[in-house]
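What follows is a short report on a single structure.
Read the figures in this text as sums done on the coordinates, not as results from a lab. Quick caveat, the model's predicted, so the values are computed rather than measured. Positions of Cβ are backbone-derived with ideal geometry, glycine not excepted, and every protein chain shown enters the neighbour counts.
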Amino acid sequence: MKQLPQLLFIPGMISILGSSDSSSLQNAEPGGEPKRVRNQPNVIFFALDDLNDWVTPLGYNQVKTPNMDRLAREGVVFTYAHAPGVFSAPSRTAIMTGLNASTTGCYGEDPFRFDHPDLVTLQMAFKQGGYSTYGAGKIYHHRGGFVDLRGWDEYFSRSQEMRDLGWEMNSYYMSDTPRPTPFPYSPYYTKTGRAGDSALHLEWGPIPDEREDEMVDAIRTNWACDIIKQKHIKPFFLALGLYSPHYPNYAPQKYFDMYDSDSIRLPPYNPDDLDDLPESIRRNMLNRSKQHRELEELNALEDAVTGYLAATSFADAMLGRVLDALDASPYKDNTIIVLWSDQGFHHGEKMHWGKHTLWQRTSHIPFIWAGKGIPANMKVETSVSLIDMYPTFIELCHLPDVAGLEGESLVAALKNPSGSKDRNVFLPGNERGSYAVINTNWRYIHYSDGAEELYNVTEDPNEWNNLAVDENFQSVVKKMKKSAPAEFAPVVTPKNELKLVVEGDSFHWEKKTRQQF
């Protein structure tokens with residue numbers, strides 16, 4: 001089994017025990033302070049939640065995202081980027097550690113620090129590289145106890161209630177957030193008698209416009225804009241994580257007014273889509289398809305899509321605030337901004353509403369880089385993964401090396417977008433041994449029970465025709481499987497075996513005693 005690297009912390013340096021590479025020693029000043037590297041760019045790390053490829057820079061023309069369009073004109077759009085996990089927790093762990101779930105064992109809703117306390121996370125690398133580090137919102141998974149508070153000069157906390165819950169980042173779980181009237185609002189609740197809860201799946205609705213700045217994403221965005229306005233002596237890494245357009249799809253009324261639900265075009269649905277799936281997956285998805293059928297019966301499909309588009313336009317407006325603040329600052333010409341989403345979201349494709357799948361709608365996400373040294377109005381059309389961000393920042397921002405990172409630096413693609421070469425991208429599933437391998441022509445899916453799917457995404461972008469059982473495509477299957485790891489790490493300590501202990505404004509996880517189960 002692949003062993004995780006043991007990490008040795010030295011002020012100004014990140015090194016691996018037993019390594020003979022001392023190149024990162026150049027980053028240490030006498031007295032332990034990180035050495036400033038000339039021309040290190042500032043970085044704005046702009047994260048969205050559950051935003052699939054329904055944005056205009058990726059060719060989807062039903063949504064209104066003028067600020068993403070603006071960012072795309074100023075930089076490079078990766079048109080075929082994929083998440084490194086099938087929902088928030090494993091995806092964000094992979095992004096922030098630079099390691100796949102197949103290496104860490106974090107396949108599900110797992111607080112990685114309990115089993116891997118020595119991993120160097122991205123903000124720590126920036127701190128070690130001489131940066132001031134600021135964070136707000138959902139950068140790590142939103143549940144209490146998941147944010148890694150190490151390495152930040154400041155991590156924004158909007159309330160004591162949030163800290164008392166172990167830095168819970170859910171935007172609509174707490175008492176200080178505006179909600180629509182009635183609450184819940186969507187017919188999935190109001191017409192069925194369901195009670196609302198903290199998850200509020202398939203819930204959407206408008207917030208009064210005058211309460212926009214009370215919404216948590218606006219509060220966090222305004223804080224980030226204030227950080228940009230400050231005087232910075234050192235380069236800064238500013239991470240802003242929005243909860244939108246994650247359910248519930250709440251947004252000010254004006255963003256709902258951008259759309260006419262009667263004119264909404266639904267994604268293509270194929271009622272026979274599940275017939276050629278492996279039996280275990282088919283049964284599971286048939287059970288999940290009940291939600292799609294219920295939305296059809298409620299005549300709510302168009303309304304549900306409208307809610308998602310409104311929440312996306314609200315998130316886009318928050319991006320606009322950040323871009324405006326940056327344009328008005330002295331840092332405009334020395335700052336890189338990266339926009340990404342942790343994974344996508346199904347809106348009835350394959351009869352599914354949600355994520356947690358190894359299909360296109362879960363994995364394909366927006367990914368845009370702009371700013372210092374990045375060419376304007378360009379596209380990279382080859383396959384990449386968000387796990388590539390960590391090694392890219394190492395190279396682009398002159399950070400100390402971190403051994404064992406599993407992505408590939410995108411610096412060459414950013415410098416020469418048209419010269420980028422396609423490669424196989426690996427996506428672990430939420431069960432050990434399940435995964436997808438993706439390139440611009442094919443998607444191969446392997447499940448932990450040995451079941452398989454194969455799609456020619458060039459000819460079948462909706463992934464309606466599973467070719468895995470066709471003998472004519474076994475050579476493709478064999479070739480794609482070679483990009484999967486030979487071994488998958490054991491699952492880390494399950495969350496239900498851990499207890500979150502909150503101590504003042506900090507927290508840690510402990511193994512439960514037998515009496516606590």
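Each listed q (0.11, 0.17 Å⁻¹) maps to a log10 I(q)/I(0) for segment 199-322 from the Debye sum over equal C-alpha point scatterers, namely -0.54, -0.92.
Taking GluC sites (Glu not before Pro) that fall in a DSSP loop and have at most 12 other Cβ atoms within 10 Å as cut points, what is the longest piece of the chain between them?
Details: sites that count: Glu459, Glu487.
Of all site-free stretches, the longest is 1-458.
Taking each residue as 0.36 nm, the span from Asn456 to Ile264 lengthens on full extension beyond its C-alpha to C-alpha distance by 66.3 nm. The distance between label points at Ala403 and Arg194 comes to 5.0 nm (points 7 Å beyond Cα on the Cα→Cβ vector). The equivalent ellipsoid that matches the C-alpha gyration tensor of segment 369-514 spans semi-axes of 32, 28, 13 angstrom, in descending order. Subtracting the Cα-Cα distance of Ala486 and Asp272 from 0.36 nm times their residue separation leaves 73.6 nm of extension gain. In plain terms, the residue of Asp226, Asp388 with the fewest other Cβ atoms within 10 Å comes first and the most crowded comes last, giving Asp226, Asp388. Once the C-beta distance of Asn284 and Lys231 is scaled by a Förster radius of 51 Å, the resulting FRET efficiency is 0.40 to the nearest 0.05.
Grab the beta carbon distance between Ser175 and Gln474, set R0 = 56 Å, and tell me the FRET efficiency rounded to 0.05. Step by step, r from the Cβ atoms, then E = 0.45. With the alpha-carbon atoms of segment 417-472 aligned to their principal axes, the span from lowest to highest coordinate is 40, 25, 20 Å, starting with the largest.
So which of Lys254/Lys290; Lys64/Lys138; Lys191/Lys495; Lys64/Lys355; Lys332/Lys355 end up more than 26 Å apart, counting from Cα to Cα? Mind dumping the intermediate values first?
Values: Lys254/Lys290 32 Å; Lys64/Lys138 23 Å; Lys191/Lys495 35 Å; Lys64/Lys355 23 Å; Lys332/Lys355 36 Å.
Violating the 26 Å Cα-Cα cut-off are Lys254/Lys290; Lys191/Lys495; Lys332/Lys355.
Taking every alpha-carbon pair within segment 38-423, the share separated by more than 28 Å comes to 43 percent.
Placing +1 on the Cβ of every Lys and Arg and -1 on the Cβ of every Asp and Glu, with no other charges, gives segment 38-423 a dipole of roughly 820 debye about its Cα centre. Summary of the geometry: segment 242-320 and segment 41-102, compared by the centres of their Cα atoms, lie 19 Å apart. Candidates Ser244, Phe256, Ala224 compared by Cα position along the dipole of segment 224-275: farthest toward the positive end lies Ala224, with charges placed on Cβ.
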